[in-house]
Amino acid sequence: MEVALRYSPLLLALPLALAAQTASATVRIHINLASQRMVVTSAAGKHSWPVSTARPGYRTPRGVFSARSLQRIHYSSKYDDAPMPHSIFFSGGYAIHGTYATSALGRPVSHGCVRLSPGHAAQLYGMVRREGARITISGGRSRR
């Protein structure tokens, strides 16, 4: 005996709806090199934070990236074991991470990484850990 199965259109649409919800849950991070600001949009809301990117003689890569790895605490093997709390690596050795040099935020002073205040770095790290991330870096060199 053969049984005919019928599927409700709602049941068939459920996987698509879940996929769309998952895709929209990704944290969107936009870093503007000219303004030295990061705008973050996530399920938790929208934030705008000052950052520090590459100083003259160094570069912060431009483009669209995803988070490749997250490390709660990382020490730079290239720069005297400098602490990089709440690191979100997005391209080779480049990361978004916390800095204790908060008075320099809003100006380009790094060797290429994107620096944030420790509190904002921890907050961003948690969001990216839960939701994933799409990181966009654009803009010309800051005039600050």
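All of the numbers you see were taken from the coordinates with simple rules; none came from a lab. Everything quoted here is computed from the prediction, not taken from an experiment. Backbone-built Cβ (ideal geometry, glycine too); neighbour counts: all protein chains shown.
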With the Cα gyration tensor of region 13-138 giving a ≥ b ≥ c as the square roots of its eigenvalues, does the rule (a/c under 1.5 for rounded; else a/b larger than b/c for prolate; else oblate) give rounded, prolate or oblate?
prolate
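Report the trypsin sites (Lys or Arg not before Pro) located in region 27-63 that are in a DSSP loop and have at most 14 other Cβ atoms inside 10 Å of their Cβ, or state none.
On the way: sites: 28, 37, 46, 59, 62; in loops: 59, 62.
Hits after loop and neighbour filter: 59, 62.
Please identify every one of the chymotrypsin sites (Phe, Trp or Tyr not before Pro) in region 82-144 that sits in a loop by DSSP and has no more than 16 other beta carbons within 10 Å of its own beta carbon.
Of the chymotrypsin sites (Phe, Trp or Tyr not before Pro), the ones in loops of region 82-144 whose Cβ has at most 16 other Cβ atoms within 10 Å are 100.
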Which of the peptides 129-135, 49-55 is most tightly packed, and how do the rest follow, going by the mean number of other Cβ atoms within 10 Å of each residue?
49-55, 129-135
Residue-wise, which Karplus ³J(HN,Hα) couplings in Hz belong to region 123-129, taking 6.51 cos²θ - 1.76 cosθ + 1.60, θ = phi - 60°, and x for glycine or proline?
5, 5, 4, x, 4, 5, 4
Proxy exposure order for 47, 86 (fewest C-beta within 10 Å first) is 47, 86
